[in-house]
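A short write-up of the structure that comes next.
The values are calculated or read from the model by the stated rules, or taken from the named source; none is laboratory data. Nothing here was measured: the structure is a model prediction, and the numbers come from that model. Cβ atoms come from the backbone with ideal geometry, glycine included; neighbour counts cover every protein chain shown. With ligands, DNA and RNA removed, areas are computed over all heavy atoms of the protein, side chains included. Shrake-Rupley method; radii C 1.70, N 1.55, O 1.52, S 1.80 Å.
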Amino acid sequence: MPANEALSVADALHRRRSVRAFSDRPVDRAVLARIFADAQRAPSGGNLQPWQVTVVTGARWERVKAAVAARIAMGRDGQQPEYDIYPRGLTDPWESRRFGVGEALYASLGIPREDKPGRLARFMENYRGFGAPVMLFLHCSRIMGPPQWADMGMWLQSVMLLLVEHGLASCPQECWAMYGATIRHELELGDDQILFTGLAIGHADAAAPVNQWPVPRAELDEVIDWQGF
Ligand SMILES: Cc1cc2nc3c(=O)[nH]c(=O)nc-3n(C[C@H](O)[C@H](O)[C@H](O)COP(=O)(O)O)c2cc1C
C-alpha cells in the first residue's frame, strides 16, 4: 500500500494482519518516531501509560538474535519463560481457535501435520523475526497487573494500525517471552522489567503465500451478548 493513502480506521483494521515474511528493506527511524508519537494517544487506566519499549535494528538486533539462538541450542534447559503464554489446560472454544489458526498457517506453507521437523523449522523463523529489519520489544514494570497489560495491548494495536497507515507491516511475537532473561540482559533492561512481546516491523513480502491466507475470526454471536436492545 502507498504510504500516504488515506485510510479509515476500519480499512486499517482489515488490512492489518500478522506478516510472517518481510523484505530486507530498512525502515526509516523518523517514520517510527512519528508512529510512536501518535501511539502515545492510546488510552490507559489512570493514564499510567505503562508501556516501555525498546526498538532494535542492525547490529544490535543481530546480537539479540544470536543470544537467543544460543539459548535455543540448549533445548528446553535454555528456556526462561516470562509468563504462561496460554493458560494451562486451554479448553474450547479457545483451544480450537488456536489449533485452527496454526493449521491454516502451515497449510499456506504446504507443511503437513506429519512433517514435525518442517513445522518446527518454520516455527523457528519466529526467532529471526521472519526476516524483519526492526524488532520492537514491549515490556513494563513487574509491579503492573492485568489492567496495565491490557493497556499495553491497546498501545500495541495502535502501533500496528499506524504501521499499516505508513505502508509498513508487523507481527506481534510473544514467543520472545520464552527467552525473557536473555533479552532483558541483551537490551540492558533492569530485572524490574517483564517482557510482554516482540513486534517484528518491516515491509511485507507481498508475494509470500504465508502472508496471504484468510485468517478466521469467530462469529459475532460467539463473542457479543446483546442485552436490552
Ligand atoms: C500479543 C500477541 C502475540 C503474538 N505472538 C505470536 C508469535 O509469537 N508468533 C506468531 O507467529 N504469531 C503471533 N501472534 C499473532 C497471532 O497468531 C495472530 O494475531 C492471530 O492468529 C490473528 O491473526 P492476524 O493477526 O493475522 O489477524 C501474536 C499476536 C498477539 C496479539
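Miscellaneous remarks
- In a DSSP loop and with at most 15 other Cβ atoms within 10 Å, the GluC sites (Glu not before Pro) in the stretch 147-223 are GLU188, GLU219.
- Calculated over the stretch 143-198, the projected area of the Cα convex hull averaged across directions stands at 4.4 nm².
- Cα coordinate range in the stretch 22-78, projected on the principal axes (Å, largest first): 42, 32, 18
- Per residue accessible area of the stretch 142-229, 1.4 Å probe, in Å²: 50
- Net charge over other residues, Cβ less than 12 angstrom from the Cβ of SER108 (K, R count +1; D, E count -1): +2
- Rounded Å value of the spacing that divides the Cα centres of the stretch 60-93 and the stretch 25-59: 24
- For the chain: relative contact order, % (alpha-carbon pairs under 8 angstrom, 6 or more apart): 39
- The value of relative contact order for the stretch 17-151, using C-alpha pairs under 8 Å at least six residues apart, is 57 percent.
- Shape call, the stretch 178-227: gyration tensor on alpha carbons, a/c limit 1.5: oblate
- On full extension, the segment bounded by SER96 and GLN157 gains 19.6 nm, given 0.36 nm per residue less the C-alpha separation.
- For the stretch 71-117, alpha-carbon Rg relative to the globular expectation (2.2 N^0.38 Å, N residues): 1.47
- Within the accessible surface of the chain, defined with a 1.4 Å probe on protein heavy atoms only, the carbon and sulfur portion equals 56 percent.
- Grouping the Cα pair distances of the stretch 108-177 into 10 Å bins from zero gives a pair-distance distribution of 16, 37, 30, 17, 1 percent in increasing distance order.
- The region of the chain that goes longest without hitting one of the trypsin sites (Lys or Arg not before Pro) in a DSSP loop, each with at most 12 other Cβ atoms within 10 Å, is 143-216.
- Charging the Cβ of each Asp and Glu at -1 and of each Lys and Arg at +1, and nothing else, the dipole of the chain about its Cα centre rounds to 560 debye.
- Measuring only protein heavy atoms, the 1.4 Å probe finds LEU199 accessible over about 0 Å².
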